[in-house]
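The values are calculated or read from the model by the stated rules, or taken from the named source; none is laboratory data. Note that this is a predicted model, so its numbers are computed, not measured. Cβ placement follows ideal geometry from the backbone for every residue including glycine, while neighbour counts extend to all protein chains displayed.
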Amino acid sequence: LRDQGLADIKSADVLKKVNDVKVDLLGKKGPITEVLRGMRDLTPEERPKVGAYANEVRDKLQAAIDHRREELELAAQNKRLAAEKIDVTLPGRQVPQGQPHVITQIITQLEDLFMGMGYQIVDGDEVEEDYYNFERLNLPKDHPARDMQDTFYITKEILLRTQTSADQPRSLENHDFSKGPLKVLSPGRVYRRDTDDATHSHQFHQIEGLVVDKHITMADLKGTLILVANELFGDQFDVRLRPSYFPFTEPSVEADVTCFNCNGKGCAVCKQTGWIEVLGAGMVHPRVLKMSGIDPEVYGGFAFGLGPDRFAMLKYGVDDIRNFYLNDVRFLSQFYKKG
Ligand code: FA5
């Protein structure tokens, strides 16, 4: 029985078979249990001998079972490890990497330029009060110039801001002039009920600049705008200032850049003029200063609002603004320069 048992254990090639053999040999209905149960029929002299022998056989079989189990478990583990082996020398799989949007890149570039000139970067709210977006900018409720910016109203008094100029009165009323001049740059998203076309989007970006101090002149504004143009375009494009009108600046100007598509000759994108408008600017209107509690006899300043979407079109020769909002990675990934 013992030798047969040991042979069966040895030839069990999977754990399940070892268990079966164990049940057969050592289980309640197995031969060892039967021998031990039959002890009561033996003579007192025979009992210890048979008992000791039966126990010895049982222990031997049990040890052989344990040993075989360990062997099989080790073999299974080795097999698993071999299957899971990793070749660390193989090249890794490429994980596609995101990148800042081209408009974000332009905003960041100008933020860096203006921070270097001591400007503070401020973040306005996209949901704004009519009061700040219009009234405090010298655009009372019935002012005809409100028509220049078709507005998404949320309630009668709350709207999606149509211009980052809405930050002007907030910056003005919060500034303490005893600590120095006010110099802020405020980039962000704005909204207008414009019909989308190649150069207009109902949602676009503006970067607002505002400087207020004593003795600020139009020459400071012009110098600043030329710096912006040089930073973004080098001397690739011509820039011109045109007299314009905004209710919150006096005098007001608009800046145009030569149209990239037609080399200044005229095409559909620039409405046949050869120029594309990129920003509005001017000297802060005395009434805007007064409404923020600032004496226009003592302080003056300039403001500008530029459209980075249009700058991006010019810089990269993109002929349709809508491309920036389609989120097509194939289009957007062209503009990222590493480092
Ligand atoms: C304004 O919004 C004024 N707040 C600018 C300003 C600021 C003037 C400070 C004076 C002082 P305007 O509506 O022209 O002005 O828009 C400014 C710039 O935003 C435009 O030159 C253009 O580059 C961009 N822009 C305007 N409308 C759109 C549009 N629908 N899609 C894309 N860009 C636009």
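Observations on the structure shown:
- Of all residues in the stretch 320-329 being loosely packed, with under 15 Cβ neighbours inside 10 Å and more than 17 Å from the chain's Cα centre (by Cα), the one that is nearest to the ligand (Cβ to nearest atom): R322
- Matching residues, the stretch 282-328, being over 25 Å from V239 (Cβ atoms), hydrophobic (A, V, I, L, M, F, W, C) and free of Cβ contacts under 8 Å to residues at least 40 places away in the same chain: L326
- Residue selected from the stretch 144-183 under the condition among the hydrophobic types (A, V, I, L, M, F, W, C) and part of a helix (DSSP H, G or I), by the criterion nearest to the chain's Cα centre (by Cα): A166
- A residue that is more than 11 Å from the ligand (Cβ to nearest atom), modelled with pLDDT under 85, closer than 29 Å to D320 by Cα and assigned to a loop (DSSP other than H, G, I, E, B) occurs somewhere in the stretch 215-234.
- The residues of the stretch 161-189 that are free of Cβ contacts under 8 Å to residues at least 40 places away in the same chain, hydroxyl-bearing (S, T, Y) and within 12 Å of the ligand (Cβ to nearest atom) amount to a single one, T162.
- For the stretch 306-339, the set of residues classified as outside any loop (DSSP other than H, G, I, E, B) and among the acidic types (D, E) consists of D309 only.
- Selection within the stretch 132-144 - touching a residue at least 12 places away in the same chain (Cβ under 8 Å) and exposed (fewer than 15 other Cβ atoms within 10 Å of the Cβ): H143
- Filtering the stretch 110-125 to residues that are surrounded by 15 or more Cβ atoms within 10 Å (Cβ to Cβ), within 16 Å of the ligand (Cβ to nearest atom) and under 24 Å from the mean Cα position of the chain (by Cα) leaves L110, F114, V122, G124.
- So T104, is it under 25 Å from L326 (Cα atoms), away from the ligand (no atom under 12 Å from the Cβ), among the hydroxyl-bearing types (S, T, Y) and under 32 Å from the mean Cα position of the chain (by Cα): yes
- V212 vs. criteria of a type outside the set (S, T, N, Q), surrounded by 23 or more Cβ atoms within 10 Å (Cβ to Cβ) and away from the ligand (no atom under 12 Å from the Cβ): yes
Residue-by-condition table, conditions (1) assigned to a loop (DSSP other than H, G, I, E, B); (2) at pLDDT 90 or above:
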| position | (1), (2) |
| --- | --- |
| T43 | yes, no |
| V57 | no, yes |
| R68 | no, yes |
| A75 | no, yes |
| N78 | no, yes |
| V95 | yes, no |
| P100 | yes, yes |
| E111 | no, yes |
| D125 | yes, yes |
